[in-house]
Amino acid sequence: MNIAITGTIGAGKSTLAAILAALLPARHIDTDLICRRLLGAGEEGWRQLRRIFPRHFFTDNGELRRAELRQAVFFDDERRRQLEGVLHPLVEAEVNQALAEAGDGFLLIEVPLLFETGWQDRFDAVITVYIPEAAGIERVIARDRVSAEQVAKIMAAQWPAEAKAAKADWVIDNRGGTTSSFVQASWLAQCLRRQAGKTGRGDCQAA
């Protein structure tokens, strides 16, 4: 069973995905980590950026200045589109390969921009990790030590949390504490295991 997990920035997708992957159990792929790897020196994403981005985005040793790149894509829509134009096709190819090679078990893939890229129909189930926008902004500011303006800029390029939740098959409400999130993930893992052998979504619906 192929499962996508998505949500807005700061929602806690990675934590919930790790919990759910352990409970099912499932193979767990994080597309953010794929992006990070693709931008490593010598990788395909890095090679493409070297051709289209100015030299000041790279050190004398050729390493990508990730902080400078992150700052640029926060405030420069053209740079963001260039970066996405490089990374999205490469990530899509890896996701498609993982889906093609998936066996009878569970495959869980974190895709933050799942609905924005239109990939949702490739999965048997879509889970949204939900928190309100204001709470997500607060979490990212505390976690990444960035400004509210920077986080709001990222949020503006994503679907609102409510829209992602409305389009998902299941929603994990991550506004509560760790115990609440674990209980929801445990219930969902049981539901997915029951459903894995069925042809439809059957009697498992969001709580």
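Readers should treat all values here as calculations from the given coordinates under stated rules, not as data from a laboratory. A quick note: this is a predicted structure, and the numbers were derived from the prediction, not measured. A quick note on method: Cβ atoms are made from the backbone with ideal geometry, for glycine too, and the neighbour counts reach across all protein chains shown.
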Q) For region 31-123, what log10 I(q)/I(0) values come out of the Debye formula at q = 0.19 1/Å, with one point per alpha carbon and no solvent? A) -0.93
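How many percent of the alpha carbon pairs in region 78-175 exceed a separation of 20 Å?
Values: 2315 of 4753 pairs.
Tail fraction, whole percent: 49.
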Q: Please work out whether region 124-185 counts as rounded, prolate or oblate from its C-alpha gyration tensor, where a ≥ b ≥ c are the square roots of the eigenvalues and a/c under 1.5 means rounded, while otherwise a/b larger than b/c means prolate and anything else oblate?
A: oblate
Q. In whole Å, what is the distance between the alpha-carbon centres of region 136-158 and region 16-85?
A. 18 Å
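Provide Rg over Rh for region 2-195; use the alpha carbon set for both Rg and the Kirkwood Rh (inverse mean inverse pair distance).
The Rg/Rh ratio comes out at 0.98.
Give, in nm to one decimal, the length gained when the segment between residue 63 and residue 32 is fully stretched (0.36 nm per residue of separation minus the Cα-Cα distance). Mind dumping the intermediate values first?
Details: separation 31, 0.36 × 31 = 11.16 nm, distance 1.85 nm.
This chain segment gains 9.3 nm when fully extended.
Can you give the extra length, in nm with one decimal, that the chain gains between residue 173 and residue 50 once fully stretched, where that is 0.36 nm per residue apart less the Cα-Cα distance? Could the numbers behind the result be given before it?
Values: separation 123, 0.36 × 123 = 44.28 nm, distance 4.05 nm.
Between residue 173 and residue 50, full extension yields 40.2 nm more.
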Q. What is the distance, in nm, between label points placed 7 Å from the Cα along the Cα-to-Cβ direction at residue 134 and at residue 43?
A. 3.7 nm
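By how many nm would the segment from residue 97 to residue 71 lengthen if fully extended, with 0.36 nm per residue of separation less the alpha-carbon distance? The partial results should precede the final answer.
Working: separation 26, 0.36 × 26 = 9.36 nm, distance 3.14 nm.
Going from the current span to full extension adds 6.2 nm.
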Q) What does the convex hull of the Cα atoms come to per residue for region 110-159, in Å³? A) 80 Å³
